[in-house]
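First the structure, in the form of structure tokens, and then the observations on it.
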Amino acid sequence: MCGIVGYTGHRQAAPILLDSLSRLEYRGYDSAGLAVRNGTALAEVVKATGKLYHLADKTDQGRALTGNCGIGHTRWATHGDPSVVNAHPHVSGNCSGSGSGAVESDVVGVHNGIIENYTELKEKLLRHGYVFYSDTDTEVAVKLVDYYYKKYKIGPVDAITRCMVRIRGSYALALMFKDYPDEIFAARKDSPMIIGIQDQESYLASDVPAILKYTRQVYYIDNLQVARVSPGKVLFYDLNGDEVSMPLTEITWDAEAAEKGGFEHFMLKEIHEQPQAVRDTLNSLVKDGRIDLSETGLTDEIIQGIEQIDIVACGSAWHVGMAAQYVIEDLAGIPVRVELASEFRYRNIPMDRKTMVIVISQSGETADSLAALRVAKERGTMTLAIVNVIGSTIAREADHVLYTLAGPEIAVATTKAYSAQLAAADVLAIHLARIREKITQEREDEMLAELALLPDKMARILEEKERLQWFSSKMANTHDIFFIGRGLDYAISLEGSLKMKEISYIHSEAYAAGELKHGTISLIETGTLVIGVLTQKELYEKTVSNMMECKSRGAYLMGITTNGNFSVEDSVNFTVYIPKTDEHFMASLAVIPLQLLGYYTSVKGAFRSSWAAARSLLKTVHWTVFRARRTP
Ligand code: GLU
């Protein structure tokens, strides 16, 4: 998920690798490392935690590493804490991985992504005498390549393809083999990787900005392909080890567009990364069709003893808590309270060891959530953290941790971390329900099958974004927006409203639809936009009638409902349809049109305000000139 770079040519590799990694800094990372080779000499590996300048200092800006061929990495930990030992590059040998100096190893590699079946592969390698020094899935992949390389006495390409057939997950790999000086071998599946060529030099990167300064001539490696990279030359192979030819493309993006992967803003890029974030999170919690929370340490006994759940969070994570409340109560029958972390810490809520406090936070560092976690622990409760950053303070201090795998989130308005948290909460709810025998195995299987389909359904919604773009441009003048819904639809409304106000600066409120009539409805006037979330069958008619009350006061109505529910068009002015899924998981789909609405409204609003600013500037200039002319 983070950054890979590589270089082979006639110049010193390390300064180029450091420079290329610095172009990927915007993506966020927790540690970095380099491996550089000088001809046939062993690769020298240097790693450091924290910002890239630590690695640059450790290598005297790259000058301490001599050699014309090398690979580099910035890591966003998914397996194992952000530490020097876990930082990449990883090696096939049995060294400590503490990372400074030449390493006796046949294979050295860096990896982006997740190897889902790494535990099973690690066991196999342990049986064959391999010794592991890190907690990463990456070390397993590197050692697996080494295993095939030696067992079958085959070349690097065949060893890598054999490995690719065995590993499940998403990955981009860059590897160097001791017996192949000046060459880098790369492979990928569902994780990007490009190779740039310029004269007698070759560059490798997981993202375009890393190499734009050096070349614009690139090859995009296809999914499940292997590339053999030597100075100024690349050969491609398919999974059978047969050579395939790939087209050379010219990159026309500027550096800024390249950072955003061609999207106009990071927020839009991250909205599009949601299917992958949800897929990765689900795959880490559901293995071979069964929920596996063993890494969290939540045993069946613990789960059976829970009498009360308190979910504590801030902002969007609190909205995830609101959605999870409905799902957990409905499926598992455990009473759930959802508390704002900033309030929870000052309340004296009676709780004991039978209460489980769940803290949800993307960064794992949210100050109020951390303080709330500490309060909960002082009161003797059991704590579970749902966080995105491995090794963060909340993750370290909670009794149990459930990681989301959304990758680094750059936009201030969260999108993919929210969706990954929601997916994690849904899996947790199903697991609680099954262990407490509130649902049958069959029902669990059905729900897991539905969850597995969510990423594709999310992608389908994203394909129809132009309609929302059009609607947003029509509504960008609106001053007030109300998001209404009941039950789970209310939880979705809360997130839709927050997305709208935090980025478009338009006043918006989320209301439980049935609550609107107790006063707030007096604010609805001609042109007020009322967005009804209508994904729950039982509550549908009630929310529609609340929307009609708004219409009679002049509101413009938009509805979000499931495909095929066309009767809604009799009542509302504009309808957005989303694919059907189990009603418990509707938030994952319904939130996407709302994120897009917030995003496009803000883009339109920014355009309008800059146009308004330009007009007022022109007016000022006009009057200044006019006055100057008239002044004697
Ligand atoms: N899963 C690997 C790790 O935890 C790679 C993470 C990344 O993409 O940076 O080390």
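No lab work stands behind these numbers, since they all come straight from the coordinates. Everything quoted here is computed from the prediction, not taken from an experiment. No Cβ is skipped: glycine too gets one built from the backbone with ideal geometry, and neighbour counts run over all protein chains shown.
When the range 193-221 is filtered for residues that are in a loop (DSSP other than H, G, I, E, B) and without any contact (Cβ under 8 Å) to a residue 24 or more places away in the chain, only T215 remains. Can you find even one residue in the range 154-169 that is surrounded by 19 or more Cβ atoms within 10 Å (Cβ to Cβ), closer than 20 Å to N86 by Cα and among the aliphatic types (A, V, I, L, M)? Yes, there is a match, as at least one residue in the range 154-169 is surrounded by 19 or more Cβ atoms within 10 Å (Cβ to Cβ), closer than 20 Å to N86 by Cα and among the aliphatic types (A, V, I, L, M). When we screen Y326, Y403, Y346 for residues that are of a type in the set (F, W, Y) and crowded, with 23+ Cβ neighbours inside 10 Å, the only hit is Y403. Would you be able to tell me the number of residues in the range 79-92 that are surrounded by fewer than 24 Cβ atoms within 10 Å (Cβ to Cβ) and either on the phi < 0 side of the Ramachandran plot or acidic (D, E) (or both)? Here the count works out to 6. Restricting V320, V312 to those that are surrounded by 17 or more Cβ atoms within 10 Å (Cβ to Cβ) and either small (G, A, S) or in a strand (DSSP E or B) (or both) reduces the list to V312.
Would the range 121-129 turn up any residue that is in contact (Cβ under 8 Å) with a residue 24 or more places away in the chain, in contact with a Ser or Thr (Cβ under 9 Å, 6 or more places away or on another chain) and within 16 Å of the ligand (Cβ to nearest atom)? There is no residue in the range 121-129 that is in contact (Cβ under 8 Å) with a residue 24 or more places away in the chain, in contact with a Ser or Thr (Cβ under 9 Å, 6 or more places away or on another chain) and within 16 Å of the ligand (Cβ to nearest atom).
Within the range 61-83, residues that are over 21 Å from D137 (Cα atoms) and in a loop (DSSP other than H, G, I, E, B) reach partners that are more than 7 Å from the ligand (Cβ to nearest atom) and of a type in the set (A, V, I, L, M, F, W, C) with beta carbons closer than 6 Å, at six or more positions or on different chains, in the pairs G62/A14; G62/L18; L65/A14; L65/V36; G67/A13; G67/V36; N68/A13. Counting only strands (runs of 3 or more DSSP E) that fall entirely inside the range 1-53 and contain at least 2 residues that are among the small types (G, A, S) and within 16 Å of the ligand (Cβ to nearest atom), the qualifying elements are 3-8, 31-37. Within the range 423-465, the set of residues being acidic (D, E), within 25 Å of I334 (Cα to Cα) and in a loop (DSSP other than H, G, I, E, B) comprises E437 only. The criterion of at least 3 residues that are in contact (Cβ under 8 Å) with a residue 40 or more places away in the chain and over 21 Å from G407 (Cβ atoms) is met, among helices (runs of 4 or more DSSP H) falling completely within the range 222-308, by 300-305. Return the residues of the range 352-373 that are touching an Asp or Glu at 6+ places or on another chain (Cβ under 7 Å) and either surrounded by fewer than 22 Cβ atoms within 10 Å (Cβ to Cβ) or over 25 Å from K438 (Cβ atoms) (or both); say none if nothing qualifies. Passing the criteria: K354, T355, Q362, L373.
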